[in-house]
Amino acid sequence: MAGLPVRLAIASAYRSLLYKLEKRIPLPDINPFYYDALAIVLSVVFLYAQTPSQKALLIGAVLLTDWLDGATARRYNRVQRSGYVIDIVTDRVSEAFIFSAELETAVGQMFFLLWMINCILTYYSVQSNKHVPLPLRFAYLVVLIA
């Protein structure tokens, strides 16, 4: 369990675009955990969002912080297995807040069920060294704006 889990090949297309973009943007030299903490705060705020546009904006901001924590870690050579574990646990906590806020809808219930499956996939990812969790927040964002 020394290295970071390997991502699935399907992720390589969009990941290569993100890697090119992150090399061009200025990133502050801060602990990537700050982005994770901001993602949790934004996910809690999601509990109080009233409109689909507010919800979409908050999920977009959460996804941006999730990307920025990895970009910052890569830029400033802070990529570690412990950081990976903190990141994926933060992702699952963020999803828990977001999807529990939507339990009154059938779509929200479906995503909450997928979140439970994602928790199992996250555990498998850490144990098997293969990154397999589902991008549920991104999928939910697509559902919100569609």
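The values are calculated or read from the model by the stated rules, or taken from the named source; none is laboratory data. Keep in mind the model is a prediction, meaning the values are calculated, not measured. As a convention, Cβ positions derive from the backbone with ideal geometry for all residues, glycine included, and neighbour counts pool all protein chains shown.
Please tell me if V45 is over 15 Å from the mean Cα position of the chain (by Cα) and either modelled with pLDDT of 95 or more or surrounded by 14 or more Cβ atoms within 10 Å (Cβ to Cβ) (or both).
The answer is yes for V45.
For region 11-33, enumerate the residues that are among the charged types (D, E, K, R) and surrounded by 15 or more Cβ atoms within 10 Å (Cβ to Cβ).
Answer for region 11-33, where residues must be among the charged types (D, E, K, R) and surrounded by 15 or more Cβ atoms within 10 Å (Cβ to Cβ): just E22.
What residue, of F138, F112, is hydrophobic (A, V, I, L, M, F, W, C) and in contact with an Asp or Glu (Cβ under 8 Å, 6 or more places away or on another chain)?
F112
All but one of (1) touching a helix residue (DSSP H, G or I) at 6+ places or on another chain (Cβ under 6 Å); (2) farther than 22 Å from L134 by Cβ hold for Y35; state the number of the condition that does not hold.
Of (1) touching a helix residue (DSSP H, G or I) at 6+ places or on another chain (Cβ under 6 Å); (2) farther than 22 Å from L134 by Cβ, only one is false for Y35: (2).
Yes/no per residue for (1) at pLDDT 95 or above; (2) among the aromatic types (F, W, Y); (3) closer than 26 Å to Q54 by Cβ:
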| position | (1), (2), (3) |
| --- | --- |
| R78 | no, no, no |
| V85 | no, no, no |
| I98 | yes, no, yes |
| V107 | yes, no, yes |
| L114 | yes, no, yes |
| I120 | yes, no, no |
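Which condition does D36 not pass, out of (1) of a type outside the set (A, V, I, L, M, F, W, C); (2) over 23 Å from K20 (Cβ atoms); (3) surrounded by fewer than 15 Cβ atoms within 10 Å (Cβ to Cβ), if it passes all the others?
(3)
Looking at (1) farther than 17 Å from H131 by Cα; (2) surrounded by 14 or more Cβ atoms within 10 Å (Cβ to Cβ); (3) modelled with pLDDT of 95 or more, which is the only condition T90 fails?
Result: T90 passes all but (1).
With respect to Y76, determine if the residue is of a type in the set (F, W, Y), in contact with a helix residue (DSSP H, G or I) (Cβ under 9 Å, 6 or more places away or on another chain) and surrounded by 14 or more Cβ atoms within 10 Å (Cβ to Cβ).
It is false that Y76 is of a type in the set (F, W, Y), in contact with a helix residue (DSSP H, G or I) (Cβ under 9 Å, 6 or more places away or on another chain) and surrounded by 14 or more Cβ atoms within 10 Å (Cβ to Cβ).
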